[in-house]
Amino acid sequence: MKDEALSIVKAELDALRERIIVNLMRAGQNASGRTISSLRVDVRADGGTLFGRSPFGTTETGRKGGKVPANFQDIIKQWIIDKGIAVTSMPYIRAASKNWTPKYTPEQRGLNSMSWCIARKIAREGTALHRAGGRDDIYTKEVDLAVKNISDRVFGIFKEDVTRINKRANENI
């Protein structure tokens, strides 16, 4: 009976993982794929857990303004690249010479400028999702459904066992 219950937990957590992935893709929150690839199911003798990387919670809430990591602009730069967002190049006005050569290409300057502006806006005000009040259609509803499904299915196993025990007890009377 315990093995059957754990099998149900695993099946429901695997289904939960798949529904969350579909929701992330539908919402366009799959820039690099790192969050999706971090989702994994772990079932042990006492139950199961769906794990994801630490920023997973922000897929519904967004990120509030405030302190950001030291490399936040680099994170935003990589996000821009992963999302395939077009960046306007910023050519230098000054021409390269014997005494001065540009540190960045015009494309790198454009990317640096855009990532700095986005990182600063997020640090000050939070992400657009956070400012809009968040959402509940990535994992919240799916977790509720998984908990209900697990409860119903595992309770069904116990109900069958109790019915079988009662039937045997009544046959012996």
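Nothing in this text is a laboratory measurement; each read-out follows from the coordinates by a stated rule. In this text, all values refer to a predicted model and were calculated from it rather than measured experimentally. All Cβ positions, glycine included, derive from the backbone under ideal geometry; neighbour counts span all protein chains shown.
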Out of L111, T49, A96 - ranked by how far each Cα lies towards the positive end of the dipole of segment 16-173, with unit charges on the beta-carbon of charged residues - the top one is A96
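What full-extension length gain, to one decimal in nm, is calculated for K64 and E160 as 0.36 nm per residue of separation minus the Cα-Cα distance? Walk me through the numbers on the way to the answer.
Values: separation 96, 0.36 × 96 = 34.56 nm, distance 4.85 nm.
Result: 29.7 nm gained on full extension.
So which chymotrypsin sites (Phe, Trp or Tyr not before Pro) in segment 81-173 are both in a DSSP loop and have at most 10 other Cβ atoms within 10 Å of their Cβ? Let's see the in-between values first.
Working: sites: Y92, W100, Y104, W116, Y139, F155, F158; in loops: Y92, W100, Y104, Y139.
Passing both the DSSP loop test and the Cβ count: W100.
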Those helices of the chain passing the 30 Å axial Cα length cut-off and the mean Kyte-Doolittle cut-off of 0.0 (DSSP H runs only) are 2-26
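Express in nm, to one decimal, how much length is gained between R53 and N99 on full extension, taking 0.36 nm for each residue of separation and deducting their alpha carbon distance.
Numbers: separation 46, 0.36 × 46 = 16.56 nm, distance 4.72 nm.
Difference between extended and current length: 11.8 nm.
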If D3, D137 are placed from fewest to most neighbouring beta carbons inside 10 Å, the sequence is D3, D137
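Test of the criteria: in segment 14-67, which trypsin sites (Lys or Arg not before Pro) are in a DSSP loop and have at most 14 other Cβ atoms within 10 angstrom of their Cβ?
On the way: sites: R17, R19, R26, R34, R40, R44, R53, R63, K64, K67; in loops: R53, R63, K64, K67.
Counting only loop positions with at most 14 other Cβ atoms within 10 Å, the trypsin sites (Lys or Arg not before Pro) in segment 14-67 are R53, K64, K67.
What size of dipole, in debye to the nearest 20, comes out for segment 65-125 about its Cα centre when the only charges are +1 on Lys and Arg C-beta atoms and -1 on Asp and Glu C-beta atoms?
The calculation lands at about 240 debye.
How far, in nm, would the chain grow between I85 and A15 when pulled straight, counting 0.36 nm per residue and subtracting the alpha carbon separation?
Working: separation 70, 0.36 × 70 = 25.20 nm, distance 3.19 nm.
Stretched fully, the I85-A15 segment lengthens by 22.0 nm.
Beyond a 27 Å Cα-Cα separation, which of these cross-linked pairs lie in this structure: K77/K98; K10/K159; K67/K148? Before the final figure, lay out each step's value.
Values: K77/K98 31 Å; K10/K159 20 Å; K67/K148 38 Å.
The pairs that break the limit, which is 27 Å between Cα atoms, are K77/K98; K67/K148.
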On the formula 1/(1 + (r/R0)^6), with r taken between the Cβ atoms of R153 and A31 and R0 of 30 Å, the FRET efficiency rounded to 0.05 is 0.30
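Based on Cβ point charges of +1 for Lys and Arg and -1 for Asp and Glu, what charge dipole magnitude is obtained for segment 1-116 about its Cα centre, in debye rounded to the nearest 20?
Details: 18 positive and 11 negative charges, 161 e Å.
With only Lys, Arg, Asp and Glu charged at Cβ, the dipole is about 780 debye.
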